[in-house]
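What follows is a set of notes on a single structure, which appears directly below.
Taken together, the values in this text are just the output of simple stated rules run on the coordinates, not laboratory data. Keep in mind it's a predicted model, so treat the numbers as computed, not measured. As a convention, Cβ positions derive from the backbone with ideal geometry for all residues, glycine included, and neighbour counts pool all protein chains shown.
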Amino acid sequence: MLDEAENFMNENEYEVNSKEILELVDNSNCSAYDCEFVALAKRLNLKLFTSDKKILKEFPQVANSLGDFSSK
């Protein structure tokens, strides 16, 4: 099962630009770890679904609550 999961993710890995992450960190109260997800969602033009209240507050243009996901 582990091999199957790793094979599935193998072609679905992305890198994010460190400068973009640090700019998001500088302009928010979120950690670099959290900002990696925000930066990736922005770059891929995707909605980020999360239960992290800080991300939801700091990035309302990108972040959506998990409750919003279940109603869509």
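See the values below:
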{"item": "From Leu2, Leu48, residue being within 25 Å of Asp68 (Cα to Cα) and of a type in the set (A, V, I, L, M)", "result": "Leu48"}
{"item": "Entirely in the range 1-69, the helices (runs of 4 or more DSSP H) that have 1 or more residues that are surrounded by 11 or more Cβ atoms within 10 Å (Cβ to Cβ)", "result": "18-26, 32-44, 53-58"}
